[in-house]
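Read-outs throughout are calculated quantities, based only on the coordinates presented, and are distinct from any laboratory measurement. The structure presented is a predicted model; accordingly, all values stated were derived computationally and were not measured. Reconstructed Cβ throughout: ideal geometry from the backbone, glycine too, with neighbour counts over all protein chains shown.
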Amino acid sequence: MSACSKTITWKEEVLLHDGTTLIVERSQTRSGASEIGQGPPITAHSITFTPAGSKEAIEWKMNESDIQKGQVDLKLLALGIVQGTPYIATMPLGCLVYAALGKPNPPYLFFKYTNAQWHKITLSEFPAEIERPNVVTNLYRDREFLDAAKMTGFVPAASVKEINSFNVDKELATILKNPLVPRANSGSLVDCVYFSGSLKAPTPITPASGHLPN
């Protein structure tokens with residue numbers, strides 16, 4: 001076992017639903033004990049952007065929470081701006097978090113930026129225009145996306161799409177609008193052992209008590 005801490009930052013080109021692009025800045029911190037050769041878990045990550053026509057930068061940030069010690073709880077999937085309002089789609093990281101957050105199906109948590117704050121919203125409130133992940137979703141592939149940024153100073157949208165093409169689960173390929181049917185060995189969060197009742201799920205907690213964005 002080894003323990004270390006490292007923070008990296010990079011820029012990405014995000015392709016929005018209307019065909020325009022937005023350059024965002026992302027950051028992640030990996031720290032704590034890990035198996036040699038695997039690297040430590042992600043304990044914080046963020047995305048910062050300035051919408052077109054605005055001078056104010058907006059940040060969405062996820063820190064280590066109380067649900068699973070030593071890791072963040074959500075994977076960032078998509079950033080969208082619809083009618084001037086920013087939205088974010090995320091996914092619980094692992095069965096423990098999925099169960100503690102109430103086992104949403106489809107397995108996402110959505111957020112809307114209003115009144116200078118991020119607020120958790122329902123699937124029905126999330127814009128249908130935001131159809132698929134448009135940011136690098138697997139932050140453990142840092143060598144790949146950092147290499148992609150060397151020529152232009154940011155990860156091009158085409159490279160983001162290529163990196164994400166390795167995602168085989170339905171809920172990572174598109175932002176699903178309908179519930180998934182659990183299937184054995186599907187790899188989906190909705191097929192977690194907690195979902196089936198094979199193991200006792202942790203007591204559900206609210207996003208606020210789990211230090212998720214409100």
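Phi-derived couplings, Karplus 6.51 cos²θ - 1.76 cosθ + 1.60 at θ = phi - 60°, listed residue by residue for the range 39-47: x, x, x, 7, 10, 6, 8, 8, 9 Hz, with x used for Gly and Pro.
Sort 6-12, 54-60 by the packing proxy (mean of other Cβ within 10 Å over each peptide's residues), most packed first. Could the numbers behind the result be given before it?
Working: 6-12: 15.0, 54-60: 12.1.
Most protected by this proxy first, the peptides run 6-12, 54-60.
Name the shape class, rounded, prolate or oblate, that the alpha-carbon gyration tensor gives for the range 122-166, where a ≥ b ≥ c are the square roots of its eigenvalues, rounded holds for a/c under 1.5, and otherwise prolate holds if a/b is larger than b/c and oblate otherwise. The shape class here is prolate.
Here's the picture: charge each Lys and Arg Cβ at +1 and each Asp and Glu Cβ at -1 in the range 1-139, and of 10, 99, 118 the one pushed furthest to the positive end of that dipole is 99. 3J(HN,Hα) along the range 157-173: 4, 5, 6, 4, 4, 5, 4, 6, 5, 7, 6, 9, 6, 4, 6, 9, 7 Hz, from the Karplus curve 6.51 cos²θ - 1.76 cosθ + 1.60 with θ = phi - 60°, whole Hz, x for Gly and Pro.
If only the Cβ of Lys and Arg carry +1 and only the Cβ of Asp and Glu carry -1, the dipole of the range 2-196 around its Cα centre is close to 160 debye.
Selection among 188, 57, 166 by position relative to the dipole of the range 2-196 gives 188 as farthest towards the positive end (Cβ unit charges, Cα centre).
Note that the range 106-115 has calculated 3J(HN,Hα) couplings of x, x, 10, 10, 10, 9, 10, 9, 9, 6 Hz, one per residue in order, obtained from phi through the Karplus relation 6.51 cos²θ - 1.76 cosθ + 1.60 (θ = phi - 60°); glycine and proline are x. When the inverse distances between all different Cα atoms of the range 2-196 are averaged and flipped, the Kirkwood radius reads 17.4 angstrom.
For residue 74, the residues whose amide H sits under 5 Å from its own are 93, ignoring neighbours fewer than 5 places away on the same chain, with H placed 1.01 Å from N.
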